[in-house]
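Encoded as structure tokens, the structure appears first; notes follow it.
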Amino acid sequence: MSQWLTEVIESASATSDFLAPVRKKALSSLEQAGWPGRRNEAWRFTPLTSVEKRTVKAAAEVPAQDAPAIDGLSAYELIFVDGQLTSDTAQLDLPAGVTVAAFDKLDATQQDAVSSLYGQVKPQRHVFGLVNDVASAQGIFIDIAPGIKLDKVIRVTNLVTQDVDAHTRVVARIGEGASARIFEHAEGQASSMSTAFAEYAIGDNAHLEHYRFAMMTGAAKQVGGSHFKLGNASTLNSTVVGYGSELSRLDVDIIHAGEYADAKMNAVYLLAEGELFDLHSNIEHTMPNGTTEENARGIVGDRARAVFNGRIHIHRDAQKTLAELNNRNLLLSRRGLINTKPELEIYADDVKCAHGATVAEIDDEALFYLLTRGIPRSKALVMLNFGFIQELVNQIPETSIRDWLLPKLSERFATMEVK
Amino acid sequence: MLKIKNLHASVEDKAIIKGLDLEINPGEVHAIMGPNGAGKSTLGYVLSGRDGYEVSEGQVELEGNDLLDMEVEERAQAGLFLAFQYPVEIPGVSNMEFMKESVNAIREQQGEELLTAADFLKKAKAACKQVQLPLDFLKRGVNEGFSGGEKKRNEIMQMILLEPKLAILDESDSGLDVDALQVVADGVNSQRDGKRSFIVVTHYQRLLDYIKPDFVHILADGKIVKSGDASLAMEVEKSGYSFLGKKYEEAEA
């Protein structure tokens, strides 16, 4: 057992809040789970040595911080700094039918709702997910009542500024026929260990436009996940952006729990020198007539490592499913490494599914084309590599987020040497 | 403008160009015709510097400078333009972004002031209109999802924007209907200013109805075997390449 995990379990055993019963159950699973070694398939390419011997560190004081400004974004802003919710949710001026509140501010009915949702949309019980189940003292409940069309984005920012352990949680319920846009965003480069998980129960005919940007860098260690359960004819459009850091792992689970649900997920990751980013996606089609389209593209620089594991699981009853998963990667250097594994598991006989993964270097023909137009080789390489992910970024529906993201990615890319 | 002397070039050790001589003066339009496999496209690739096309012998000068000694992008910056027979699709890189980089890279090299985004947009819109491409093509990925005709018109639009000294059109007529052919030809003709030169590589005479060449050359087995004026193209149209011998008649058939 790792020292860090032992300490997490000890401190979690002492917590008591309205979630105590569900936390207790998760704690028991955690105690049995043990520390995942390299033989554990889910962590095979993602070493955990930097966390294993870590000592748990609580934040003594958190500095006041604003979320990074995004021009033109109209949002309800929520911010966690070093794991502490520093926003006053009472000041949000929310429309009727919308609840956004910290776990410790919920009334009895809301507590019951969170208790019944907590851990229910998150199928993978890996150690860090369980750690978050038992240790996320700071959490937010987002509840959109049936039929509500929320005009502003709800933005949840996680900032890490110092060497602490931080565990945050979002539990969201999008009511029948409602629609919302939710943006989970993490930044920071301080040596730290954070987990951030979010669960979304999306009702029948509801729509969620979702963003998860895991943009921590440097010595930050972050493990997180966004998990979705889709009702009948509901739609999800999710965009994931991943940077690398000392340890950066993100899980995305989408469960088609209703018929005719439609999920789209685009992911881009851009890893600079020596960084690691691990994206695990898992799509569960349990009901008929669902559709999934997943596109993940990554650029991996010198000595950086990317791990992509994309699983689509078509259950026996999920007839007429259409599912596609595509992972494409570009290596900027022979010293970079990409482990990609698309998995398709099909138990229904009337489905259309496809998956593919590529790891490639730059297309010589496209490079030649740009050069014949007088564009210098170094600039042409940047255009081609960046164009590869820009294609997905251009599909981001919220223009303010897209316009904010593109130059950030471009700047990051400019620091990466094409060899 | 361009002097090619005794050019020999090969692809994967197979000799394709075998002693080609050609001289083009400023303002001239030279058509190069020839049967399949004669080396027409290879000539365009060799002149533009594509990897894998090895020059084993000969010299090529553009305005007195050794073209073969330059990198691909330097050749473009020196004023050489190749309109591709099969332009590549580059998703994610917008036509606009690509062309702005291209125009300014060439202007920078030639010591001219760089175009601002607004000035570039103005020129790009005019060029788009000239080749009858809708303006939204500027926002789309380079050649992404364009039809064959749209790709060719996009090539001509690039040529108009880049104002090259020597443009090589590699079978720009292939796959075009008459209307698109007219647009491509009008684009080329609009650039004929008495100084700019063109090499029009074509398999058929019909493009030359619209772009009147000053000279026509027949390329066969890696060298120019016959040269003449525009009437030579008419002769090819009428009798094919029979004058080259039985081997080429069969190849064409």
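The values are calculated or read from the model by the stated rules, or taken from the named source; none is laboratory data. Computed from a predicted structure; not experimentally measured. Neighbour counts run over all protein chains shown; Cβ positions are idealised from the backbone, glycine included. When the accessible area is computed, the model is the full protein with side chains, heavy atoms only, and any ligands, DNA or RNA have been set aside. Shrake-Rupley method; radii C 1.70, N 1.55, O 1.52, S 1.80 Å.
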Carbon and sulfur atoms account, in whole percent of the 1.4 Å probe accessible area of region B:46-121, for 40
Note: A vs B interface, total accessible area buried (1.4 Å probe; ligands, DNA, RNA excluded), nearest 100 Å², is 2100
In Å, the Kirkwood hydrodynamic radius from C-alpha pairs for region A:219-345 sits at 14.8
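Using only alpha carbon pairs under 8 Å that are at least six residues apart, calculate the relative contact order of region B:11-165 and give it in whole percent. Write out the running numbers ahead of the final one.
Values: 143 pairs, mean separation 36.5, N = 155.
Relative CO of region B:11-165 lands at 24 percent.
Classify region B:1-94: rounded, prolate or oblate, from the alpha-carbon gyration tensor (a ≥ b ≥ c, eigenvalue square roots; a/c under 1.5 rounded; otherwise prolate if a/b is larger than b/c)?
Numbers: a/c = 1.41, a/b = 1.16, b/c = 1.22.
Since a/c stays below 1.5, the shape of region B:1-94 is classed as rounded.
Among residues other than B:Met159 whose Cβ falls under 14 Å from its Cβ, what is the net charge (Lys/Arg +1, Asp/Glu -1)? Numbers along the way, then the final one.
On the way: positive: A:Arg373, B:Lys123, B:Lys151, B:Lys152, B:Arg153, B:Lys165, B:Arg192, B:Arg196; negative: B:Glu155, B:Glu163, B:Asp170, B:Asp186, B:Asp193.
Here the charged neighbours net out to +3.
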Rounded to whole Å², per residue accessible area for chain A with a 1.4 Å probe reads 38
For region B:50-86 the residues that are at least 40 Å² less accessible with all protein chains than alone, 1.4 Å probe, are B:Arg50, B:Val72, B:Glu73, B:Phe84
With T = 37 °C, eta = 0.692 mPa s and Kirkwood Rh from C-alpha pairs, the Stokes-Einstein D of region A:65-190 in µm²/s is about 213
Expressed as a whole number, the average count of other chain Cβ atoms within 10 Å around the Cβ atoms of B:91-100 is 5
For B:Lys139, the lysines lying under 22 Å Cα to Cα, once residues fewer than eight places off in the same chain are dropped, come out as A:Lys379, A:Lys408, B:Lys100, B:Lys122, B:Lys123, B:Lys125, B:Lys129, B:Lys151, B:Lys152
Residues from region A:366-382 losing no less than 10 square angstrom of accessible surface in the full protein assembly compared with the chain alone, 1.4 angstrom probe, ligands and nucleic acids excluded, are A:Ala366, A:Phe368, A:Tyr369, A:Leu370, A:Leu371, A:Thr372, A:Arg373, A:Gly374, A:Ile375, A:Pro376, A:Arg377, A:Lys379
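Using Cα pairs closer than 8 Å and at least 6 residues apart in sequence, work out the relative contact order for region A:315-419, in percent.
Computed over region A:315-419, the figure is 27 percent.
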Longest principal axis of chain B (C-alpha) makes with the long axis of helix B:230-239 (C-alpha) an angle, in degrees to the nearest 10, of 60
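Of all DSSP beta bridges located in the protein assembly as shown, what percent are antiparallel, nearest 5?
Numbers: 33 of 188 bridges.
Here the antiparallel bridges make up roughly 20 percent for the protein assembly as shown.
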At the level of C-alpha centres, the distance separating region A:352-412 and region A:19-73, in angstrom, is 32
Expressed to one decimal in nm², the mean projection of the alpha carbon convex hull of region B:142-187 is 3.2
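Can you give the relative contact order of region A:142-275 as a percent, counting alpha carbon pairs under 8 Å and 6+ residues apart? Don't skip to the answer; put the middle values down first.
Numbers: 410 pairs, mean separation 27.8, N = 134.
RCO, region A:142-275: 21 percent.
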Taking the convex hull of the alpha-carbon atoms of chain A and averaging its shadow over every direction gives an area in square nanometres of 19.9
Relative to chain B, whose Cα atoms define the longest principal axis, helix B:95-109 and its Cα axis are tilted in degrees, nearest 10, by 80
With all protein chains present, region A:315-373 has a carbon and sulfur share of its accessible area (1.4 Å probe) in percent of 45
Other residues with Cβ under 13 Å from the Cβ of B:Glu150 give, with Lys and Arg +1 and Asp and Glu -1, a net charge of -2
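When the accessible area of region A:242-298 is computed with all protein chains present and a 1.4 Å probe, what percentage of it is carbon and sulfur? If you can, show how the numbers build up before the last one.
Numbers: 530 of 1170 Å².
Summing carbon and sulfur atoms, their accessible area is 45 percent of the total for region A:242-298.
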Looking only at lysines whose Cα falls under 24 Å of B:Lys238's and that sit 8 or more positions away or on another chain, we get B:Lys40, B:Lys212, B:Lys223, B:Lys226, B:Lys246, B:Lys247
Check: C-alpha center region A:167-183 vs C-alpha center region A:249-314, spacing in Å is 19
So the angle from the long Cα axis of helix B:178-190 to the longest Cα principal axis of chain B, reported in degrees to the nearest 10, equals 80
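When N is the residue count of region B:142-253, what does its C-alpha Rg come to as a fraction of 2.2 N^0.38 Å? Could the numbers behind the result be given before it?
Values: Rg = 15.1 Å, N = 112, 2.2 N^0.38 = 13.2 Å.
That works out to 1.14 for region B:142-253.
What is the sum of charges, Lys and Arg at +1 and Asp and Glu at -1, for the other residues whose Cβ falls under 14 Å from the Cβ of A:Gln395?
Numbers: positive: A:Lys264, A:Arg297, A:Arg402, B:Lys139, B:Arg140; negative: A:Glu209, A:Glu293, A:Glu294, A:Glu391, A:Glu398, A:Asp403, B:Glu144.
Net charge around A:Gln395: -2.
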For region B:78-226, dividing by residue count, accessible area per residue (probe 1.4 Å) in Å² works out to 40
